[in-house]
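Have a look at the structure below, then the notes.
The values are calculated or read from the model by the stated rules, or taken from the named source; none is laboratory data. Bear in mind that the values here come from a model prediction, so they are computed numbers and not experimental data. Note that we place each Cβ from the backbone using ideal geometry, even for glycine, and neighbour counts take in every protein chain shown. Calculation scope for accessible area: heavy atoms of the full protein, side chains included, ligands and nucleic acids excluded. Shrake-Rupley method; radii C 1.70, N 1.55, O 1.52, S 1.80 Å.
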Amino acid sequence: MPLRHRIKTNPETLQDLELASEQAYWAGIELLVSGYSASGIYLLGFVAEMLLKRACFLIDGARISDGIFAMLRSTRTWGRQHIPTIPFENFHNLDFWLNVLIIKRRNQNRPLPLQLEVALSLHVKNLYENWIVDMRYKPEWPLSEEEQSVYDAITWIRAHRYEFDQ
Amino acid sequence: MPIKHQLRRTISPTVTELTRRLHEEWNRPKSDGQPLIVILNKKPDPHHIYVIWDEWGDLSQQQRSEIILDVVENLAGESRLTWPVSVALGLTSEEAERMGIEPD
């Protein structure tokens, strides 16, 4: 079955986000160390996006085999009501997903431990400042400190990914 | 036309049969053959479970995962998993080979 057909016949699930984020993380690191900074950063931003979405959906009680399409749409609706000032950016705003995670956990009376929340917020903010999905059609030559900031942030987020939904 | 507010979920005979057989295999594993259950113990991270089985056939990835999770959630006694699972993938042997998943 051709790849395109495989993708179309198997909608993304929560566990796909975990597996795809691992693939993208290591591919992104390879690109960084090979000198393809912009492409590496582009992929690593998606890693954060996938891990934040995964955590948001799991704390809502989703199963790892659940498809994410409906959850994305319902989160957009939730966002319009609860965090209307944060743009949705067509599902790609890292700051949006960070706020969904933090606020939903607080609303469920199980906020992230303070130290974890502060560190996560800091790393997502660093990524937000150095990544945007619009990079896909723009040639870029990131500075080494931007590259380092992205690497540090995403490596921390990946290392703590299972703590966000506990 | 009447409006109803409840759905009755129909489970296909294939799903029921594969669920039953996987549950049986999990509790009384054969020495060889399929389904082959691979549990990657990644503590402190959650487990990854792969079930390699050519009888998955035309079932979607999502259906296969649901079967595995249904079985895992209904395990009892010594078979019961006490650690969280973050990946439960059902693969045919061809798919497993493509993904580079081979048990030791």
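Angle of helix B:61-73 to the longest C-alpha principal axis of chain B, folded into 0 to 90 degrees and rounded to 10: 80°.
Across region A:17-79, the relative contact order, built from alpha-carbon pairs under 8 Å that are at least six residues apart, equals 31 percent.
Summing Cβ point charges (Lys, Arg +1; Asp, Glu -1) relative to the Cα centre of the protein assembly as shown gives a dipole of roughly 1220 debye.
Here region A:19-134 is assigned +1 on the Cβ of each Lys and Arg and -1 on the Cβ of each Asp and Glu. Its dipole about the Cα centre then comes out at about 560 debye. Taking θ as phi - 60° and the Karplus parameters 6.51, -1.76 and 1.60, the scalar couplings of region B:10-23 work out to 9, 9, 5, x, 4, 4, 4, 5, 5, 4, 4, 5, 5, 4 Hz in sequence order, x denoting glycine and proline. When only Cα pairs below 8 angstrom with a gap of at least 6 residues are kept, chain B shows a relative contact order of 28 percent. Amide H contacts under 5 Å for residue B:87: B:49, restricted to partners 5 or more places along the chain or on a different chain, H placed in the peptide plane at 1.01 Å from N. Please report the spacing between the Cα centers of region A:21-39 and region A:114-162 in Å, no decimals. Cα centres, region A:21-39 to region A:114-162: 13 Å. Hey, can you list the DSSP H helices of chain A whose Cα span along the axis is 27 Å or longer and whose average Kyte-Doolittle score is at least -0.5? Helices passing the filter in chain A: A:14-33, A:37-59. Local charge for residue B:92 was computed over the other residues whose Cβ lies under 10 Å away, with Lys and Arg +1 and Asp and Glu -1, and equals -3.
With the alpha-carbon atoms of chain A aligned to their principal axes, the span from lowest to highest coordinate is 45, 44, 28 Å, starting with the largest. Projecting the Cα atoms of A:52, A:81, A:121 onto the charge dipole of the protein assembly as shown (Cβ charges, centred on the Cα centre) puts A:81 farthest toward the positive pole. Across chain A, the relative contact order, built from alpha-carbon pairs under 8 Å that are at least six residues apart, equals 28 percent. Dipole orientation for region B:5-90: of the candidates B:10, B:62, B:84, B:84 has the Cα lying most toward the positive pole (charges on Cβ; Lys, Arg +1; Asp, Glu -1). At the listed q of 0.18 Å⁻¹, the Debye profile of chain B, built from one uniform point per Cα, gives log10 I(q)/I(0) equal to -0.89. Evaluating 6.51 cos²θ - 1.76 cosθ + 1.60 at θ = phi - 60° for every residue in region B:29-43, the Karplus couplings come out as x, 6, 6, 8, x, 10, x, 9, 9, 10, 10, 8, 8, 10, 3 Hz, glycine and proline recorded as x.
Okay, helix-only estimate at 222 nm for chain A: each DSSP H run of n ≥ 4 adds -39500 (n - 2.57), divide by all residues, round to 500 deg cm²/dmol; what do you get? Don't skip to the answer; put the middle values down first.
Working: 7 runs with 111 residues, N = 166.
Counting only the DSSP helices, I get -22000 deg cm²/dmol.
In the assembled protein chains, residue B:26 presents an accessible area of approximately 30 Å² (probe radius 1.4 Å).
Using a 1.4 Å probe over protein heavy atoms, the accessible area lost on pairing B with A, summed over both chains, comes to approximately 1300 Å².
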